[in-house]
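*Asks:* Quick one: the structure is below, and I'll ask about it shortly.
The values are calculated or read from the model by the stated rules, or taken from the named source; none is laboratory data. What you see is a predicted model, and the numbers here were worked out from it, not measured in a lab. Methodologically, a virtual Cβ is constructed for each residue, glycine included, from the backbone with ideal geometry; neighbour enumeration extends over all protein chains shown.
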Amino acid sequence: MKRRLITLVVFSLSLPGSFLALSFILEPRMDNPLQHDFVGAAQRGNVEEMKQAFAAGASIDGYATQGNGALAHGPALIEAIESQQIEAVQWLLEHGANPNHVPASESPLEIAQWKAEEFPEFDVAQRIVKLLRKHGARTTVSLR
């Protein structure tokens with residue numbers, strides 16, 4: 001997340017030509033920066049960074065949340081699937097990520113299948129589907 005510089009300029013109605021300018025920096029607050037690092041690394045396919053964050057205590061199926069508790073990113077597995085990072089998907093599955101964790105309305109397998117159908121020219125999407133199935137992934141219908 002990026003820091004943002006905000007400048008607020010206030011003009012006086014009673015004294016024409018006078019104004020007050022205030023500048024401040026907004027820094028996004030995170031509930032767990034380590035989890036943000038882990039999920040972000042999965043999204044980028046940076047397995048080395050994932051290993052470091054996991055070793056430091058990041059949760060394999062955890063969510064990255066904002067300071068107010070609102071969801072910022074889904075679990076690392078979902079983020080890696082959506083950004084087609086097969087090495088990250090494989091590492092996550094090998095280290096205990098739940099291939100049937102349904103954070104919203106679609107399972108990881110359904111997201112991967114959609115990517116494979118939407119982008120048939122990309123072999124990686126099909127490989128992710130096979131990898132998920134190998135690790136026991138199912139669709140939400142079969143999980144009910």
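*Asks:* How many of the residues in segment 106-118 are farther than 12 Å from Val89 by Cα and under 21 Å from the mean Cα position of the chain (by Cα)?
*Replies:* Of the residues in that region, 9 qualify.
*Asks:* Report, by residue number, each residue of segment 82-109 that is crowded, with 20+ Cβ neighbours inside 10 Å, assigned to a helix (DSSP H, G or I) and of a type outside the set (A, V, I, L, M, F, W, C).
*Replies:* Pro108 - this is the single residue of segment 82-109 that is crowded, with 20+ Cβ neighbours inside 10 Å, assigned to a helix (DSSP H, G or I) and of a type outside the set (A, V, I, L, M, F, W, C).
*Asks:* Name the single residue that is surrounded by the fewest Cβ atoms within 10 Å (Cβ to Cβ) among those in segment 120-144 being part of a loop (DSSP other than H, G, I, E, B) and modelled with pLDDT under 85.
*Replies:* Glu121
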